[in-house]
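Novice: One structure is given below, represented as C-alpha cells, and several questions about it will come after.
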Amino acid sequence: MTDQQLIDFVVREARLLDQQHFDDWLDLFTEDGHYWMPVEWGQTDPRLTTSLMYEDKLLLRIRVDRLKGRQTYSQSPKSRCHHVLQTPQIDQRDEEGKCYVTWTPMHYVESRADRQTLYAAWATHHLAMVDDALKIRLKRVDLVNCDAALGSIQLFV
Amino acid sequence: MKYRGNRQAITALVRETEVHRDVYIDPEMFQLEMEHLFANTWIYVGHESQVKKVGDFYATTIGTQPVIMVRDTPNSIKVLHNRCPHKGTRLTGDACGHTGRFFRCPYHAWTFRLDGSLAGVPLKSGYDNTTFAEGHAGSGMTPVRHVHNYRGFVFGKLNDVGPGFQEFFGEALSSLDNMIDRSPVGKLEVAGGVLRYMHDCNWKMLVENQTDTCHPMIAHQSSAGTAIEVWKNAPPGTKKPMAVEIYAPFMSSYEFYQSMGIRIWDNGHGHTGVSHSIHSDYSAAPGYFEQMTAAYGEARAKAILDENRHNTVYFPNVMLKGPIQLLRLFKPIAANKTLVESWTFRLVGAPDMLLERTVMYNRLINAPTSVVGHDDLEVYERAQAGLASDGNEWVNLQRLYSANEPEQRNVVADGTSEWQMRNQFRAWTKFMTMGL
C-alpha cells in the first residue's frame, strides 16, 4: 500500500460526501465500521461518555435513508457540504495486518438555504483491507469546537 | 414599552385556549420574563456532584443572570452572582473547576471567600475614610438569596416574592424522587458529558413540546420511521439493538399516547406517561433488579421501577426523564434564541449498562447532530418564522379543553390533551404578574 493510495482514498471519501453520493460513501465502511464524533476534547470512551455521533452502519444507514425521505422536513430545502482537506498524513502502517491510520486536518462547510456554517476538524481514518478493497473501520472526527453550543449539523463532516 | 408595568396587557396575552404570539417573539416580553418569571420561580442551577470538594465551582445562568454554584463548606453549597463587585468582571473563566479557598478577580485581584464575602483588596488604604465597607463593593459577591438543595438537585430563586421551594413544586417532586430512588443507594451523580444545542427559537416552544404527544409520529417519521424501516431489513434473528429500542417507540400510535395519560400539577408542572411511556419496554440490565430488591425489598423495588414517566416538566425550564436519568435545561438567551443543555446521571451502584443506554439516548435524541433533534428544531424555527404573520396573532392550545380545568389539581388527563401547555401558561401569567 503506497502513501498515495491511502491519500487518494481519504480524498475520494470527502468527494463522495460533497457530491452527495451517500450510498457509495456508506459502502466505504466495513460491516462493523463506526463513525465517531466526540463531544469532549481528547475523548477516549464512546460508551459511557456521550458523543455528537457514535454510529455503526445501521445508524449511518438510517441517516442516509432519512436524507432521501419525502417526510424529512429539515431537509427541505436540502443541505449541502464542502470539505477542504490538508494532505492526509500516514500515522500508522501495519502491512501484515493490512491496517492503516491517517490523520487529516480539514475545514468543513455546511449550508442550508441562506445559512452557511464553517467547522474546523481533524479526521482520523482507521483503514483496513477487506477482500482486496480499502475500507473504513473507524472514522473519528474531532471538531476543534466539539464542546461548543452548536447548531444543527445535518450531513457528514 | 407596551408591557412593562402593565399587568392588564400581560394577562391579556394568555386566554383560556390560546396565547398571543408576543409571548414568543417580543423582545420586551422576553426581558420581562427574565425579570419576573425567572426571578419569582425556582430555577434549576446544577447537581451537587458537580461540586464535590470545598472550593469546586460550576458556572451557569439563572435566566440570563450569570451565577456560580460553589461548595463553600463540606455540607453546604452557595449560589453567587458571578460578577466582581468592583467593575463587574465575571470571576470564572472555565465553566467548572476548583478555585481553592478564594475566588480571585483577574482584573485587580480582589478576593472573595467561598460564601462571597470580600476577603481582600490590594492597596486597601485607598478606601480609608470612605463608605466602602457599607457600600455595594465592600459587601462582596452578591449571593442568590434563596437556594434549596433537594436530594442533590440545587435550585435558586432570585426574588423574595414567589412561593417557597416545597410550595412551588409540591407533588411534582415525586418525579425527581423516582429518578433518585432508581439508584440502589439513593444517589445520583452527573456523568456521561453534556450536550449543548443552540436553537433559534423561543424557549417556551421547547418546553411545550415536552408534553406534545401528537407530534412524534409526524415530525419524527423521518428519523424514527426510517429507523423502523431500516431495521426491517436486518437478517432474521438479529438481536434488536439498543438504538432501535430507543428510536422505534417514537412512532407509537395516537392510542398509545392517549392512554399513557398526562398528570397536571400546580404551578405549571406536569408529566406525560402516567401508565406507560416510550421507555417502558427497554431491555432489563442484568443484575439491576436484584440490586434494587436487596436495597429496597421486592415490593418497593417493583414500585420504583414500574414508574415509567415519560417527560416531567418542572416549570419554567426543566424537563426530566426519570426512567433514563436525563435532565434537559432550556436556557433562555433571547426571544428567538435558546440553549438546550442535556445532562445525564449515573445511578450510583447500578450496572454501567444503564448509563450506556442513557448516554446513547442523549446522543441519538438530543445532540446537535441528532436526526430527532433536527426534526424538532425544524418545526420550532418554522414556528418562530411563521409567527411574524399578521394574518393570525394567536397560537392555539385548545385540544381537549374543558372549562373547569383551573380549579382542578393533581389530575390525570388524556395523554394527547394540551392541558399541560395551558397549565404552563396559567403559571406563566401568575409568576409574570406576581408582585406587580
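Computed from the coordinates by the stated procedures, all read-outs in this text should not be read as laboratory data. Bear in mind the structure is a predicted one, so any value in this text is a computation, not a measurement. Cβ: placed from backbone, ideal geometry, glycine included. Neighbour counts: every protein chain shown.
Novice: In Å and on Cα atoms, what radius of gyration and Dmax does the range B:259-303 show?
Specialist: 14.3, 39
Novice: Under 12 Å from the 7 Å Cα→Cβ point of B:Thr64, by amide nitrogen: which residues of the range B:324-346?
Specialist: Only B:332-338 pass the distance filter.
Novice: To the nearest 10 degrees, how steep is helix A:3-18 against the longest Cα principal axis of chain A, on a 0 to 90 scale?
Specialist: The angle comes out near 10 degrees.
Novice: Separate question: Using a Gaussian network model of chain B with C-alpha springs under 10 Å, which one of B:Asp281, B:Asp414, B:Asp56 is most mobile by mean-square fluctuation?
Specialist: Comparing B:Asp281, B:Asp414, B:Asp56 in a Gaussian network model of chain B, the most mobile one is B:Asp281.
Novice: If I build a Gaussian network model for chain B, linking alpha-carbon pairs within less than 10 angstrom, which residue out of B:Thr213, B:Thr416, B:Thr11 has the largest mean-square fluctuation?
Specialist: B:Thr11
Novice: Could you give the radius of gyration (one decimal) and Dmax (whole number) of the Cα atoms in the range B:196-433, in Å?
Specialist: Calculated on Cα positions, Rg and Dmax stand at 18.6, 62 Å.
Novice: How compact is the range B:281-333 by the rule of thumb for globular proteins, expressed as Cα Rg over 2.2 N^0.38 Å?
Specialist: 1.45
Novice: Helix A:57-68 against the longest principal axis of chain A: what's the angle in degrees, Cα atoms only, rounded to the nearest 10?
Specialist: So the inclination is approximately 40 degrees.
Novice: Something else about it: Within chain B, which complete DSSP H helices have Cα atoms spanning at least 18 Å along the helix axis and a mean Kyte-Doolittle hydropathy of -1.0 or higher?
Specialist: Within chain B the helices that satisfy the rule are B:352-366, B:371-386.
Novice: What relative contact order, as a whole-number percentage, does chain A give when Cα pairs under 8 Å and 6 or more residues apart are counted?
Specialist: Computed value for chain A: 24 percent relative contact order.
Novice: Let me ask you something else. Using only the Cα atoms, work out Rg/Rh for chain A, with Rh taken as the Kirkwood radius, to two decimals.
Specialist: 0.95
Novice: Related question: If the viscosity is 1.002 mPa s and the temperature 20 °C, what Stokes-Einstein diffusion coefficient in µm²/s follows for the range B:1-116 when Rh is the Kirkwood radius over Cα pairs?
Specialist: In µm²/s, the coefficient is 131.
Novice: Further question: Amide H of A:Val39: which non-local residues (sequence gap of 5 or more, or other chain) have their own amide H closer than 5 Å, using H built in the peptide plane?
Specialist: Here A:Leu52 satisfy the definition.
Novice: Now for a different question. Scan the range A:1-99 for chymotrypsin sites (Phe, Trp or Tyr not before Pro) in coil per DSSP, keeping those whose Cβ has at most 13 other Cβ atoms within 10 Å, and list them by number.
Specialist: A:Trp41
Novice: To one decimal place, what Kirkwood hydrodynamic radius in Å is obtained for the range B:298-408 from all pairs of distinct Cα atoms?
Specialist: It works out to 17.2 Å.
Novice: Be a star and scan the range B:64-86 for residues whose amide nitrogen sits under 13 Å from the point 7 Å along the Cα-to-Cβ vector of B:Val348.
Specialist: Flagged as within label range: none.
Novice: Let me ask something else about it. Where does the range B:48-147 land on Rg(C-alpha)/(2.2 N^0.38 Å)?
Specialist: Compared with the compact-globule rule of thumb, the range B:48-147 sits at 1.05.
Novice: Oh, and also: Using a Gaussian network model of chain B whose springs link C-alpha atoms within less than 10 Å, name the residue from B:Ser277, B:Ser417, B:Ser117 with the highest mean-square fluctuation.
Specialist: Sorting by GNM fluctuation, first place goes to B:Ser117.
Novice: Compute the distribution of all C-alpha to C-alpha distances in the protein assembly as shown, in bins of 20 Å from 0, and list the percent of pairs in each, rounded to whole numbers.
Specialist: 18, 50, 28, 4, 0
Novice: At A:Thr124 and B:Ala284, where each label point lies 7 Å from the Cα along Cα→Cβ, what is the point-to-point distance in nanometres?
Specialist: Roughly 3.9 nm, to one decimal.
Novice: What is the Å³ per residue value for the convex hull set by the Cα atoms of the range B:150-233?
Specialist: Roughly 208 Å³ of hull volume per residue.
Novice: Moving on to the next point. So what is the orientation-averaged projected area of the range B:1-56, using the convex hull of its C-alpha atoms, in nm²?
Specialist: Averaging across all directions leaves 6.1 nm² for the Cα convex hull.
Novice: Rule-of-thumb check for chain B: C-alpha Rg over 2.2 N^0.38 Å?
Specialist: 1.04
Novice: Also: Where a Cα-Cα gap under 18 Å defines reach, which aspartates and glutamates qualify for B:Lys124, not counting those fewer than 8 residues away within the same chain?
Specialist: Counting by Cα, and skipping residues close in sequence, B:Lys124 has these aspartates and glutamates nearby: B:Glu134.
Novice: Between B:Ser402 and B:Leu339, how many nm apart are label points set 7 Å from Cα along the C-beta direction?
Specialist: Result for the modelled spin labels: 4.3 nm.
Novice: Hey, got a sec? Which chymotrypsin sites (Phe, Trp or Tyr not before Pro) in the range B:17-84 land in a DSSP loop and have at most 15 other Cβ atoms within 10 Å?
Specialist: Hits after loop and neighbour filter: nothing returned.
Novice: Further, regarding this structure: Give me the inter-chain shielding for A:58-70: mean count of other chain Cβ atoms within 10 Å, whole number please.
Specialist: Partner Cβ neighbours, averaged per residue: 6.
Novice: Would you calculate the separation in nanometres between label points at B:Ser76 and B:His108, each defined as 7 Å from the Cα along the Cα-to-beta-carbon direction?
Specialist: 2.8
Novice: Further question on the same structure: Evaluate peptide B:193-200: per residue, the Cβ atoms of other protein chains within 10 Å of its Cβ; return the mean as an integer.
Specialist: Mean shielding by partner chains, rounded to a whole number: 5.
Novice: How about chain B: what cysteines have no other cysteine beta carbon under 4.7 Å from their own?
Specialist: If one checks each Cβ against the other cysteines of chain B, B:Cys96, B:Cys201, B:Cys214 turn up with nothing under 4.7 Å.
Novice: For chain B, what is the relative contact order in percent, using Cα pairs closer than 8 Å and at least 6 residues apart in sequence?
Specialist: Taking the mean separation of contacting Cα pairs over the length of chain B, I get 22 percent.
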